[in-house]
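Beneath this line is the structure, given in structure tokens, with notes to follow.
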Amino acid sequence: MEQQLEELSKKANGELSSCEDAQALEAWRVAYIGRSGAVSELLRGIKDLSDEDKRVIGKNGNALRRELEERYQEKLHVLEKASSGRGVQATSYDLEAGVGHLHPLTLTMSRVHEIFASLGFIIADGPEVEEAKFNFDLLNIPAEHPARGEGDTFMVDPLSVNGAEGLVLRTQTSPMQIRSVEAMRLHPPFSVIAPGRVFRKEKVDATHESTFYQFEGLSVSETTSIADFKFIIETFFSTFFNAEVTIRLRPSYFPFVEPGFEVDMSCPFCKTGCKVCKYSKWIEVMGAGMVHPNVLKNMNIDPEKYQGFAFGGAIDRLAMIQYGINDIRLFWSGDVRFLRQFS
Ligand code: FA5
């Protein structure tokens, strides 16, 4: 058996040196050091040997396995280095390492879908590269508005700065208000929710990302009022956090709503102040308002007959509150120590 081990070592080393790509190397790994590879097969045969031989062959066999594993890692490294400049990845996948799981932002987004769907909202999806017309003009944001500047917006082509013709990376999901009505041919009464990725030229810090997810809501009928909005949003947050949550509205300005407001929710984790609400008992959660008559007209909806509310919140901020995450940058870090906590 000693001789068999020696021959195996020679054969494995010889074949390894002729492995030219990741595929060949993976086949080699399976053949020699995989679970049912040649080394394991050989070691399985030692059960019939004397105790002394078992000890010697077992020791040498395991030493050979270790040596081959080291050679394998070295070769893998060499192949990866050689291929990285050519845009080809020599990667090995360990399929025994365990299954993956959803990203925390995906989990939060699914929960948002689920709750709004149960409240009668339909879900809409739209483009991340957006026409300036939808991102700005049709939302009552005129050509000279500061938000249209290159300081705030990623331009896909420069016509976007002041013209409706250009393309931008959407800075908000609000263009989905008009897009979903158009694309889905919605007529009041309707309620629609549009989650998606948005992009802003932001100075990134613990609470601001340049790429993050928003969810846009729009509900229109002949009678929709701020009281309806308050009920829907309180129900949403109470269900999401599984706690009795109330909201309060503070006056604010967004060109596409009138009146507009910032929405705060009562802290779902305390009654007297805690770290999450920064001891204020309230947490700012979204912008909202009653849809501006000009925007309703741009949807081909008669503002004399119909009215509605719209709102926009961030999935990332919700996930931070839900999971107690103190730095938004962790979501895009790709750090598996962070991600594994959500499996
Ligand atoms: C808007 O984007 C409006 N479109 C919201 C709206 C919709 C108002 C419909 C009225 C009617 P704002 O810029 O405030 O508003 O962003 C909405 C939410 O996104 C904020 O409340 C905040 O939670 C989150 N947010 C804003 N900037 C960032 C950022 N850089 N990183 C992460 N979250 C952000």
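The values are calculated or read from the model by the stated rules, or taken from the named source; none is laboratory data. These numbers come from a predicted model, not from an experiment. Using ideal geometry, Cβ is built from the backbone for each residue, glycine included, and neighbour counts are taken over all protein chains shown. Remember, those area values only see protein heavy atoms, side chains included, never the ligands or the DNA or RNA. Shrake-Rupley method; radii C 1.70, N 1.55, O 1.52, S 1.80 Å.
Observations, loosely collected:
- Solvent-accessible area per residue in the range 2-83 equals 65 Å², computed with a 1.4 angstrom probe and all protein chains kept.
- At most 14 other Cβ within 10 Å, DSSP loop - GluC sites (Glu not before Pro), the range 238-341: Glu244, Glu304
- Eigen-decomposition of the gyration tensor built on the alpha-carbon atoms of the range 182-226 gives equivalent ellipsoid semi-axes of 31, 13, 7 angstrom, largest listed first.
- In straight-distance terms, cross-link reach from Lys278 covers every one of the lysines whose alpha-carbon lies under 28 Å from its own, apart from those fewer than eight places away in the same chain; here that gives Lys201, Lys203, Lys230.
- Of the solvent-accessible surface of the range 182-291, computed with a 1.4 Å probe and all protein chains present, 53% belongs to carbon and sulfur.
- Here the accessible area is traced with a 1.4 Å probe on the protein chains. For the range 2-83, carbon and sulfur cover 49 percent of it.
- Between the range 1-80 and the range 164-232, the Cα center-to-center distance that results, in Å: 59 Å
- Across the chain, the volume of the C-alpha convex hull divided among the residues equals 202 Å³ per residue.
- Rg to Rh, two decimals, where the range 208-343 supplies the alpha carbon set and Rh follows Kirkwood: 1.03
- Normalised by the number of residues in the chain, the mean separation of alpha-carbon contacts (under 8 Å, six or more apart) gives a relative contact order of 14 percent.
- Each Lys or Arg adds one and each Asp or Glu subtracts one; over the other residues with Cβ under 10 Å from the Cβ of Glu262, this totals 0.
- Under 20 Å from Lys275, Cα to Cα: aspartates and glutamates that are on another chain or at least 8 residues apart: Asp205, Glu244, Asp264, Glu284, Asp316, Asp327
- Local electrostatic count at Arg317 - Lys and Arg +1, Asp and Glu -1, tallied over other residues with Cβ under 11 Å: -3
- Cysteines not pairable in the chain (beta carbon separation under 4.7 Å absent): Cys19
- Among the trypsin sites (Lys or Arg not before Pro) in the range 13-49, those placed in a DSSP loop whose Cβ has at most 11 other Cβ atoms within 10 Å are Arg35.
- Net charge of the neighbourhood of Pro175, taken over other residues with C-beta under 11 Å away and scored Lys/Arg +1, Asp/Glu -1, is -3.
- Annotation: aspartates and glutamates with alpha-carbon distance below 20 angstrom to Lys10 (same-chain offsets under eight excluded): Glu2, Glu20, Glu26, Glu41, Glu67, Glu69, Glu70, Glu74.
- Taken over the range 2-83, the percentage of Cα pairs per 5 Å bin, counting from 0 up to the bin with the maximum distance, is 3, 15, 27, 22, 15, 9, 6, 3, 1, 0.
- Nearest-20 debye value, the chain charge dipole, Cβ charges on Lys, Arg, Asp, Glu: 780 debye
- Top positive-direction residue, dipole computed over the chain with Cβ charges, set Thr246, Ile301, Gly260: Thr246
- Cα principal axis extents for the range 229-276, largest first, Å: 34, 22, 11
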